[in-house]
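These notes are about the structure you will find just below.
The values are calculated or read from the model by the stated rules, or taken from the named source; none is laboratory data. This structure is a prediction, so every number in the text was calculated from the model and none was measured. Cβ sites come from the backbone with ideal geometry, for glycine too, and all protein chains shown count toward neighbours. The accessibility values were calculated without ligands, DNA or RNA, using every heavy atom of the protein model including side chains. Shrake-Rupley method; radii C 1.70, N 1.55, O 1.52, S 1.80 Å.
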Amino acid sequence: MRRRELLAAGSAACALPAAALDFAAPRAPAAMRVSTDRIIDIAVGIRPFRAQGPRIEAQRLHGKTVVHHYGHGGSGWSLSWGSAQRALALIQAHAKPAARIAVIGAGAIGLTTARTAQQAGFKVRLYARERPPRVHSSAATGLWTPESRIAASEHATAAWCADWEAMARASFKAHQGYLGLPSGPVEWHDGFVVSDDGFDTPLPGHVGEPDYPDLYPRVADLRPQGKALQPGEHPFHQAQARRFTQLVFNIPAYQRLLLDDFARDGGELVQREFRTPRDLARLPEAVIANCTGDGARTLLGDASLTPVRGQTARLIPQPEVDYAVIYRGHNVVALPRRDGLLVAAMGEHDFGNADLRPDREHSEDAVRRLAALFG
Ligand SMILES: Cc1cc2nc3c(=O)[nH]c(=O)nc-3n(C[C@H](O)[C@H](O)[C@H](O)COP(=O)(O)OP(=O)(O)OC[C@H]3O[C@@H](n4cnc5c(N)ncnc54)[C@H](O)[C@@H]3O)c2cc1C
């Protein structure tokens, strides 16, 4: 079609009432196909929680400068880029420009720290005992939740909260740079928060967990406000629902892209386990970013870290489903990830629990509760 014909066709379409256009007519969202026989994988991971918030500080250790960068609780993917900028400032204070530095750890924090250092001109060698998909970060749900189990209220001073906000905003901006790519590492999706008994009842806490600061209002402007829906405006039979819009990470695609970008820019990945801090002294690099997550508990004997177990199940991918569900009160989250319909459920006893054995019954129970929502 020539340009003039194209323009004419365009203006004719504009003259039609919106309802006459196929693409403008509202469509009922496709129902999620949730049944236990569609589970294709169950992953278990550990959130590295610190009541004080992430540890981002430099320390002289056995002749090396170690920039500690771990303890991001349930927010590692979300906060990663902003947090990496903090770690970078410490690296820059101790390493010559363009020097070779070491990063230990290939989870969300190690990969983003390595990329941030490369972008600042450093040569990076990444050492890790495990690489994706065997890192804890691979088990993550994949929502932008920079406030999830990131610190205990008692440590969230005004200065700490302001610093957290700056990291969250920087990270949010960096994630937007990964939109629109063919593998879809980052996408925006609409979703429904669903509740059996309304949204005003407070949710019960989980066993042993501290009080968490209410940080969400500080970054509420970064995503559209939720909207209450009337029955008929959502696909759930016996529940109330609100619409929300949320940033979703397709974790495998994001990890793959970060690893590919790291290698393309000359990064080296070495499989190695460090058993004691003294092992760090054997590295040729003088500055080392320690991004070992929960691994720092054993490597450094850091008792400020508490493991928080989490489990996610993937169901056979359903590309026609493009919305998320948060089932309030049931602690079940379902995400339309590209590698499967992801179903995550909080456990009663996750806090302080480092048990990595999958509990299939727990995931099946979450799937059944979700299935009941669709009738
Ligand atoms: C079920 C679940 C759901 C989650 N959902 C979300 C979410 O929706 N959004 C979000 O933002 N975050 C989420 N998180 C949190 C997020 O996944 C973590 O904050 C993040 O994984 C922490 O990343 P990390 O790189 O510090 O640790 P890890 O992923 O554990 O990586 C640590 C790396 O260090 C290496 N390592 C450790 N010890 C040693 C050693 N001694 N020698 C050599 N290498 C070592 C490991 O092999 C690995 O490569 C979730 C977590 C879980 C478990």
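For the chain, the number of Lys pairs with C-alpha atoms closer than 28 Å, counting only pairs eight or more positions apart or on separate chains, is 6.
From most to least packed by mean Cβ count within 10 Å, the peptides 338-346, 103-111 give 103-111, 338-346.
When the Cα positions of 133, 331, 120 are compared along the charge dipole of the chain, 120 comes out farthest toward the positive end, with charges on each C-beta of Lys, Arg, Asp and Glu.
The protection proxy used here, the mean number of other Cβ atoms lying within 10 Å of each residue, ranks peptides 63-73, 322-332, 248-258, 32-42 as follows, highest first: 63-73, 248-258, 322-332, 32-42. Placing unit charges on the Cβ atoms only, positive for Lys and Arg and negative for Asp and Glu, gives the stretch 36-373 a dipole magnitude near 1440 debye about its Cα centre.
Give me the tail of P(r) for the stretch 211-286 as a percent: Cα-Cα pairs with distance above 16 Å. Summing the P(r) of the stretch 211-286 above 16 Å gives 76 percent of all pairs. Near residue 358, once Lys and Arg are set to +1 and Asp and Glu to -1 for all other residues with Cβ below 15 Å from its Cβ, the sum equals -2.
Between residue 62 and residue 130, the simple label model (points 7 Å from Cα in the Cβ direction) yields a spacing of 2.3 nm. Using alpha carbons only, how many angstrom separate the centre of the stretch 187-230 from the centre of the stretch 94-157? First find each Cα centre; the distance between them is then 27 Å.
Between the helical axis of 251-264 and the dominant principal axis of the chain, each derived from Cα atoms, what acute angle in degrees is found, rounded to the nearest 10? The angle comes out at about 50 degrees.
Under the rule a/c < 1.5 gives rounded, and otherwise a/b versus b/c splits prolate from oblate, where does the stretch 152-262 land using the Cα gyration tensor? Verdict is oblate for the stretch 152-262.
Rolling a 1.4 Å probe over the protein heavy atoms of the stretch 169-261, with every protein chain left in place, gives an accessible area that is 54 percent carbon and sulfur. Between residue 260 and residue 282, the modelled labels are 3.5 nm apart [label points 7 Å from Cα along Cα→Cβ]. With the charge dipole of the chain set up from +1 on Lys and Arg Cβ and -1 on Asp and Glu Cβ about the Cα centre, the Cα lying farthest toward the positive end among the listed residues 192, 84, 143 is that of 84. Which of the three applies to the stretch 256-345, rounded, prolate or oblate, going by the alpha-carbon gyration tensor with a ≥ b ≥ c and a/c under 1.5 meaning rounded? Note, shape of the stretch 256-345 comes out oblate. For residue 192, the amide hydrogen comes within under 5 Å of the amide hydrogens of 244, 324, 325, 326, counting only partners 5 or more places away or on other chains and with H modelled in the peptide plane.
Packing-based ranking of 78-86, 274-282, 137-145 yields 78-86, 137-145, 274-282, ordered from highest to lowest mean Cβ neighbour count within 10 Å. Relative to the longest principal axis of the Cα atoms of the chain, the long axis of helix 76-94 lies at roughly 30 degrees.
Kirkwood radius, the stretch 76-206, all distinct C-alpha pairs, inverse of mean reciprocal distance: 17.0 Å. Extents of the chain, largest first, come to 72, 59, 43 Å (Cα atoms, principal axes, whole angstrom).
Please work out how much accessible surface residue 90 shows to a 1.4 Å probe, ignoring ligands, DNA and RNA, in Å² rounded to 10. In the full protein context, residue 90 sits at about 50 Å².
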